[in-house]
Amino acid sequence: AGPPAWRRGGAGGLAGAAAAAAGLLAPGPGGGAGAISGGGDGFTSSSKEGLDFSGQNLTKVDFTKNLCKGTIFKGAKLRGVSFFAALAENADFEGADLSFADLEQGNFTKASFRDAVLEGAEVSAARFPGADLTGSDWTDVLMRKDVLKLLCDNPTATGVNSKTGVDTRESLACFTLE
């Protein structure tokens, strides 16, 4: 079959590949760091470290096994998105809609889920040490009892979600551990 198109040169060469890749990036607010502007699922197993996706509709993006350390998802629509086995330490999901998202086996150490909606999300074997859970809604999230205990023991598992009006501890069903 020969070398890949980007190595052969011509219109389909490296310049074409660079132009196509540039089309995936859009300047961030204020002309800052670029952010991927949704669409397709071609971002599996790559780095989104430190990017700003604030307020974007990312419902068709796949973050499976992505490096998302310090990535900002404030107010983003992430409904049904996969963060399976993602490394999202210090990521900011404040006010994001993560309903029905797949967070299984993800590392969300010190991530902010402040006022996020995670209704129906999958979180088996996900890790949330030091995460900010203030005002987050975990309604109908199925999880292992050890994950539930760690979330309920988190001192920030307090407050009421501003969008759904649901109490964080009640949505987690912390009462089942008493």
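Here are ASP146, ASP140: which of them is assigned to a loop (DSSP other than H, G, I, E, B), out of contact with any helix residue (DSSP H, G or I) (no Cβ under 7 Å at 6 or more places or on another chain) and more than 15 Å from ALA76 (Cβ to Cβ)?
After ruling out the rest, the residue left standing is ASP140.
For PRO155, only one of the following conditions fails: (1) surrounded by 21 or more Cβ atoms within 10 Å (Cβ to Cβ); (2) out of contact with any Phe, Trp or Tyr (no Cβ under 8 Å at 6 or more places or on another chain). What is its number?
(1)
Specify which of the listed residues (GLY39, GLY70, GLY16) is in contact with a Gly (Cβ under 9 Å, 6 or more places away or on another chain), on the phi > 0 side of the Ramachandran plot and either modelled with pLDDT under 95 or not charged (D, E, K, R) (or both).
GLY70
Collect the residues in the range 149-178 that are free of Cβ contacts under 8 Å to residues at least 12 places away in the same chain and assigned to a loop (DSSP other than H, G, I, E, B), keeping them in residue-number order.
Across the range 149-178, the qualifying residues are PRO155, GLY165, GLU178.
Hey, among ASP140, ASP153, ASP167, ASP102, which residue is of a type in the set (D, E, K, R) and under 24 Å from LEU67 (Cβ atoms)?
Step by step, each of ASP140, ASP153, ASP167, ASP102 is checked, and only ASP102 is of a type in the set (D, E, K, R) and under 24 Å from LEU67 (Cβ atoms).
Tell me yes or no: at least one residue of the range 120-128 is surrounded by fewer than 24 Cβ atoms within 10 Å (Cβ to Cβ) and among the β-branched types (Val, Ile, Thr).
no
Out of everything in the range 105-128 that is polar (S, T, N, Q) and assigned to a loop (DSSP other than H, G, I, E, B), what residue ends up being farthest from LEU67 (Cα to Cα)?
So, considering only residues that are polar (S, T, N, Q) and assigned to a loop (DSSP other than H, G, I, E, B), the one farthest from LEU67 (Cα to Cα) is SER124.
For LYS163, are the conditions met, namely being over 13 Å from the mean Cα position of the chain (by Cα), farther than 21 Å from LYS74 by Cα and open to solvent by 60 Å² or more (accessible area, probe 1.4 Å)?
Here the answer is no, as LYS163 does not meet what is asked.
Could you list all residues from the range 140-149 that are surrounded by fewer than 19 Cβ atoms within 10 Å (Cβ to Cβ) and either of a type in the set (Lys, Arg) or out of contact with any strand residue (DSSP E or B) (no Cβ under 8 Å at 6 or more places or on another chain) (or both)?
ASP140, ARG144, LYS145, ASP146, VAL147, LYS149
The values are calculated or read from the model by the stated rules, or taken from the named source; none is laboratory data. Because the structure is predicted, anything quoted here is derived from the model rather than measured. Glycine gets a Cβ as well: all are built from the backbone with ideal geometry, and neighbour counts include every protein chain shown. The protein model used for the area step is the full one, side chains on, heavy atoms only, and it has no ligands, DNA or RNA in it. Shrake-Rupley method; radii C 1.70, N 1.55, O 1.52, S 1.80 Å.
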